[in-house]
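Every number here is computed from the coordinates shown, using simple stated rules; none is lab data. All values derive from a computational prediction rather than experimental measurement. A quick note on method: Cβ atoms are made from the backbone with ideal geometry, for glycine too, and the neighbour counts reach across all protein chains shown.
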Amino acid sequence: MNQFRARRVDNVLNILGEGIDRDRVLEALSMPDSGLHYHFYDGWPKNVDYKGLAFVGDATAGKILGMKGYHAGLTPGVMDARRQQILANGNLARICDAMGLTPCIILSPAQNGPISDRVKAGIVEALIAAADISDGLTMAERVMERLGIDSCKYAAASKVAREGDSSALPEKDLM
């Protein structure tokens, strides 16, 4: 890992905490065609980027939020609505910016212009997956808490939601 990439991984680990595999963090931060590739058993280089981890991270975050909602007594409909709000691309992109993760994203040489909300959200999801793969759901939940995706308001709103008034749940204040 070159110094440029190592510094970015170090910056992210300072934000998220130690214990996450550095190679997975590097993968989570890498855009397609950023030059990161691994050689697999067949000997052919395979480009690696955040997208595969983002897919896993979305499922991991959904499971963690679902478990918290279940234990808080929320109905499936309310759990699904809250999960969709919390894990919306716009919300995760704001978290990416607010936590200082956006400058750590490793772009492809051809990348110019602003980074889209969709990509920023994918990077956050990929980092959640990196934590899960490194040390399980407990580590992933800790990363979500550090990023402000701990769903405190999600669980705190459970009494209101159980009474059937989901309109009283906060719409925008999810961090």
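Sorting check: for 132-143, 102-113, which peptide has the highest mean count of neighbouring beta carbons within 10 Å, and how do the rest follow?
Details: 132-143: 18.6, 102-113: 13.3.
Highest to lowest by the protection proxy: 132-143, 102-113.
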Legend entry - Integer Hz, Karplus 6.51/-1.76/1.60 couplings in order for segment 115-123, x for Gly and Pro: 8, 6, 4, 4, 5, 4, 4, x, 5
Inset, instruction - Quick one: which residues, 5+ away or cross-chain, put their amide H under 5 Å from the amide H of Ser30? H built at 1.01 Å from N. - result: Tyr50, Ile106
Inset, instruction - Can you grab the distance from the C-alpha centre of segment 57-92 to the C-alpha centre of segment 1-29, Å, no decimals? - result: 27 Å
